[in-house]
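The values are calculated or read from the model by the stated rules, or taken from the named source; none is laboratory data. The shown structure was predicted, so the numbers you read here are calculated from the model rather than taken from an experiment. FYI the Cβ positions are ideal-geometry reconstructions off the backbone, even for glycines, and counts take in every protein chain you see.
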Amino acid sequence: MTSETTAMTTRATAAAAGTWVLGDRTVNRLGFGAMRLPQSGEALIGDAVPRDRERAVDVLRRAVDLGVNHIDTAAFYFSPLRSANELISRALAPYPEDLVLATKVGPGRDPSGEWIPHARPEQLRGQVEENLRQLGRDHLDVVNLRIVGSDSIAERFGALAELRQAGLIRHLGLSNVQPHHLAEARAIAPVVCVQNMYGIGVRPEEEAFVRTCGELGIAYVPFYAIAGTGREGGAGAGGAEHPEVLAVARAHGVSTARVRLAWTLGQGAHVLAIPGTGDPDHLADNVAAAALRLSPEALGRLEAAHRG
């Protein structure tokens, strides 16, 4: 890494990527995902190693110091010894006024970590209340309904809309959905964001949906934007990174993770990034992506990698 790049990393903040109005809350487009906070290794796998509590707390505080004011979390992000929500509460409460906490409901995990794939509509209030308890809040800024499959979401989303009317939820979003789910949800209540898997080389057919969200004024929030199909460390999780991504990273003197995040942010003003890490150095590098401007040549190479 060049001295110029090191200096850029040191001074970069999440604000460098610009802002987006999420419902009625303004957030910096470079945010933070809490999934990796409770444990190291592959997230949400029962035999992963619980992360050091104080290190996780320090990462959260450092993220806010670097301008992050949008944190994505869930009550089902936990290891045998750590809960992402309770780490967030310990690190950041009383919360900064500009901090937006977005959580997810739908799936669940019992205390042993076993998955409960779909909450019934009548179970969603309990999941919302568990997030409120763990975070120490009287309302949730954003709640995303996370689903699996293509079935109707009307009953489940309708249950969340009722909780929004009751004041427990400020704004609603969707996670892991298809375009027809968005249309179905918008007929029930406003939707402020869609969270789907997307990144360089991952689901290029998703681009039409990304554009649709932008046209509707809905934030599009990719998950696994760095990890891609490998889930960890970009495509290099199980082997080598894509050669075009490597070439662009070398040309700019930055990490491949930073390139992937900068590309993600370049897909539209409504696209938000929520990279997660439990490592303070990785955090600083991720946040520095907010200030990275890719050259036209680099964008062309990355487009080829995306569609290749």
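Values for this structure:
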read-out: Counted residues, the range 268-290 - those being surrounded by fewer than 19 Cβ atoms within 10 Å (Cβ to Cβ) and within 23 Å of Pro243 (Cα to Cα); value: 1
read-out: The listed residue being of a type in the set (Lys, Arg), within 18 Å of the chain's Cα centre (by Cα), at pLDDT 55 or above and farther than 22 Å from Tyr224 by Cα, out of Arg29, Arg25; value: Arg25
read-out: Looking only at the range 125-171, and only at residues there that are more than 25 Å from Pro38 (Cα to Cα) and of a type in the set (A, V, I, L, M), the one that is surrounded by the fewest Cβ atoms within 10 Å (Cβ to Cβ); value: Ala166
read-out: The range 244-267 - residue that is in contact (Cβ under 8 Å) with a residue 60 or more places away in the chain and part of a helix (DSSP H, G or I) and, of those, surrounded by the most Cβ atoms within 10 Å (Cβ to Cβ); value: Arg260
read-out: Counted residues, the range 253-284 - those being at pLDDT 95 or above and touching a Ser or Thr at 6+ places or on another chain (Cβ under 8 Å); value: 6
read-out: Residue under evaluation Asn131, criteria (1) in contact with a Ser or Thr (Cβ under 7 Å, 6 or more places away or on another chain); (2) farther than 26 Å from Thr19 by Cβ; (3) in contact (Cβ under 8 Å) with a residue 40 or more places away in the chain, criterion not met; value: (2)
read-out: Selected residue (criterion: nearest to Val221 (Cα to Cα)) from residues of the range 274-299 that are among the aliphatic types (A, V, I, L, M) and assigned to a loop (DSSP other than H, G, I, E, B); value: Ile274
read-out: Where a residue in the range 77-104 is loosely packed, with under 15 Cβ neighbours inside 10 Å and its partner, wherever it lies, is in a helix (DSSP H, G or I), with Cβ under 7 Å and at least six apart; value: Pro96/Val64
read-out: Residue among Ile153, Ile116 that alone is within 23 Å of Met197 (Cβ to Cβ), among the hydrophobic types (A, V, I, L, M, F, W, C) and at pLDDT below 95; value: Ile116
read-out: Pair list, Cβ < 6 Å and 6+ apart or interchain, from the range 51-62 residues that are surrounded by 13 or more Cβ atoms within 10 Å (Cβ to Cβ) to residues that are modelled with pLDDT of 95 or more and among the polar types (S, T, N, Q); value: none
read-out: Whichever residue in the range 44-80 is part of a helix (DSSP H, G or I) and either touching a Cys at 6+ places or on another chain (Cβ under 7 Å) or over 21 Å from Ala14 (Cβ atoms) (or both) and, among such residues, is modelled with the lowest pLDDT; value: Arg53
read-out: Some residue of the range 81-94 being outside any helix (DSSP H, G or I), within 18 Å of the chain's Cα centre (by Cα), on the phi > 0 side of the Ramachandran plot and small (Gly, Ala, Ser); value: no
